[in-house]
Amino acid sequence: MDLLYERDYDDINVSDICEKAGVGRTTYYRHFTNRKLDLIRYLGFIKWEEYKKSHEVTEKNETEQLFTHVFNNKKFFLRLKDQNIVEVIYMMLYDILGPSKEQSDLLMYGKAFFIGGYFGVIYQWIQGGCKETYPEVEQKFKDGIMFAIMEQKKKEDQQK
């Protein structure tokens, strides 16, 4: 992650990563493909797991806690945006919130839908510079849904 702050993503190679981490290339390739995004994704997941150890994360507050975690690490997420690698955020969300193989198809598709929407909200927040807090973003999200519903209702009324 430090390398992302030091130089552009495209200028980082596996040798740089191995040197910074103090491991050999064989060790790196044993755990990751040649894709640097896999490593960033893994590090993001590890940071979330560390966060959960020091915060009470439950099924009921997981969304708020995850957004707080993103807010607390906004420098990292803004850097991902600056490096044009925001797709790794979606992959991290899928790792954290995604379905497991033992769940029903209905639950798996429901979770996939939720993750896509959650990514969209986080992406929009990052595009705006991560200025709002979770409660402010949550309110904008709710207001946006209400606005969309009202606009649809106007269209329907006009068609009558």
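Looking at the chain as a GNM with Cα springs under 10 Å, which of Glu49, Glu102, Glu64 has the largest mean-square fluctuation?
Maximum fluctuation in the GNM of the chain, among the listed residues, is at Glu102.
Could you tell me which residue out of Leu107, Asn73, Ile46 lies farthest along the dipole of the chain toward its positive end? Charges go on the beta carbon: Lys and Arg +1, Asp and Glu -1, centred on the Cα centre.
Farthest towards the positive end: Leu107.
Among (i) 34, 19, 16; (ii) 32, 18, 15; (iii) 29, 15, 14, which is the computed semi-axes √(5λ) of the Cα gyration tensor in Å?
This structure yields the entry labelled (i).
Roughly how many debye, to the nearest 20, is the charge dipole of region 113-153 about its Cα centre, given +1 on each Lys and Arg Cβ, -1 on each Asp and Glu Cβ, and no other charges?
60
Within a Cβ distance under 15 Å of Tyr123, other residues only, what is the Lys/Arg minus Asp/Glu net charge?
+2
Please give the Cα centre distance for region 67-89 versus region 111-160, rounded to the nearest Å.
Distance between centres, Cα-based: 19 Å.
Rounded to the nearest 20 debye, what is the charge dipole size of region 40-159 about its Cα centre when +1 sits on each Lys and Arg Cβ and -1 on each Asp and Glu Cβ?
It works out to roughly 340 debye.
Throughout, read-outs are computed from the coordinates displayed, never taken from laboratory work. Bear in mind the structure is a predicted one, so any value in this text is a computation, not a measurement. Quick reminder, even Gly has a Cβ in these numbers, built from the backbone with ideal geometry, and neighbours come from all protein chains shown.
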